[in-house]
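The next block holds one structure in the form of structure tokens; read it before the comments.
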Amino acid sequence: RQSELPQTNREEKRYQLLSVTDIQKLPKIDWLVKDTLPAQGLACIYGPSGSSKSFLALDLSLSVACKTDWFGLKVKTVPVVYIVLEGLQGFIKRVNAWVMQNKIRPKKFFLIRDDVNLSNFADVSDLVASLQEANFVNGLVVIDTLNQASPGVDENSVKEISQVLNHLKFIQRETNSLTLIVHHSGKDINRGMRGSSSIRAALDTSIEVSSESYTQKEWRIEKSKDSADGQTYKYALKEINLGEDDDKN
């Protein structure tokens, strides 16, 4: 009796077995910041209040938009969209200070100052539509901060934060970019970032920012899926005279 099972089309190769030679020919990882941040995925910069995490995120963003290195690390120059959800006036001063200090005006850096709710897919879909309409692709999307972008969400609830993380990944996939969130440390800074451990688990890279003093800061690669972690970089905040008043950069 002839088998009633459907016949397999041998030309269809849904599953491919790759040899070591095949594996060695696969594309190498595409880095946004060499051995630190991948060109696509989900990342986080976090630290306690006053640690300068937003300063660092902005410095990274402006550097990626126009420079070839950041802290001596090779950078892939790409367009950047920075969604600032708190401290807009301070943010503007920091941009002006950075431009004055570096004598470069990044042409690929863009600001969104409108509120976005990452727990609301309509908001996320509208954001992606705006990015796509602007032909934004293969870039960096920064959301500062996760708390302000997810009002009412219990960061300790796996169910609630998972929805936010899924929406962040949607932004990443639809723009083929790196999505970077700025986040807070928990009450016990030795236990890492605030909220559910599912946040850290979802990240490709996390960068922890800490303070040695009011002006002396450092950041370290707290987690990296594709490179070594633990590397630490020190930096200092300094006053930049903008003409009207001073600001740190």
Which one, Ser119, Ser213, Ser150, has the greatest fluctuation when you compute a Gaussian network model over the chain with C-alpha springs under 10 angstrom? Ser213
Explain nothing, just the number: dipole magnitude of segment 154-223 about its Cα centre with +1 on each Lys and Arg Cβ and -1 on each Asp and Glu Cβ, in debye rounded to the nearest 20. 120
For segment 108-193, what number results from the quotient of the Cα radius of gyration and 2.2 N^0.38 Å? 1.12
For segment 170-249, what does the relative contact order come out to in percent, with C-alpha contacts under 8 Å and a separation of six or more? 15
Selected from Gln101, Tyr82, Leu58, residue furthest toward positive end of dipole (segment 55-121; charges at beta carbon): Gln101
Which lysines have a Cα lying under 23 Å from the Cα of Lys34, excluding residues fewer than 8 positions away in the same chain? Lys25, Lys53, Lys67, Lys74, Lys76, Lys107, Lys108, Lys169, Lys217, Lys223, Lys225, Lys234
Just tell me the longest site-free run in the chain, where the sites are GluC sites (Glu not before Pro) in a DSSP loop having at most 15 other beta-carbon atoms within 10 Å. 87-211
Eigenvalues of the Cα gyration tensor times 5, then square-rooted: what semi-axes does that give for segment 69-118, in whole angstrom, largest first? 22, 15, 10
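Mind checking the full-extension length gain between Ile189 and Ile29? Use 0.36 nm per residue of separation minus the Cα-Cα distance, one decimal, nm. All intermediate terms of the calculation are to be shown ahead of the outcome.
Working: separation 160, 0.36 × 160 = 57.60 nm, distance 3.13 nm.
54.5 nm is the gain from fully extending Ile189 to Ile29.
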Using only the alpha carbons of segment 40-101, determine the length spanned along each of the three principal axes and report them from longest to shortest in whole angstroms. 29, 29, 21
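Can you give the relative contact order of the chain as a percent, counting alpha carbon pairs under 8 Å and 6+ residues apart?
Details: 442 pairs, mean separation 58.9, N = 249.
Relative contact order of the chain: 24 percent.
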Could you tell me what fraction of 2.2 N^0.38 Å the Cα radius of gyration of segment 137-186 comes to, as a two-decimal ratio? 1.16
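Suppose all protein chains stay in the model; what accessible area per residue would a 1.4 Å probe give for the chain, in Å²?
Averaged over the residues of the chain, the accessible area is 57 Å².
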Honestly the chain on the Cα gyration tensor test (a ≥ b ≥ c root eigenvalues; a/c under 1.5 rounded, otherwise a/b vs b/c for prolate or oblate) is just prolate
Near-label residues of segment 199-214 by backbone N, under 19 Å of a point 7 Å along Cα→Cβ of Ser162: 199-204
The chain: most fluctuating residue of Ala57, Ala149, Ala129 per GNM, C-alpha cutoff 10 Å: Ala129
Could you work out what % of the accessible surface of the chain is carbon and sulfur, using a 1.4 angstrom probe and leaving DNA, RNA and ligands out of the count? 47
Using only helices, what value at 222 nm comes out for the chain when you add -39,500 (n - 2.57) per DSSP H run of length 4 or more and divide by the total residues, to the nearest 500 deg cm²/dmol? -9000 deg cm²/dmol
Under unit Cβ charges (Lys, Arg +1; Asp, Glu -1), what dipole magnitude, rounded to 20 debye, does the chain have relative to its Cα centre? 800
Could you work out the per residue convex hull volume over the alpha carbons of segment 123-249, in cubic angstrom? 161
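The values are calculated or read from the model by the stated rules, or taken from the named source; none is laboratory data. Just so it is clear, the model here is predicted, and its values are computed rather than measured. Backbone-built Cβ (ideal geometry, glycine too); neighbour counts: all protein chains shown. Keep in mind that these areas ignore ligands, DNA and RNA; they rest on the heavy atoms of the full protein, side chains included. Shrake-Rupley method; radii C 1.70, N 1.55, O 1.52, S 1.80 Å.
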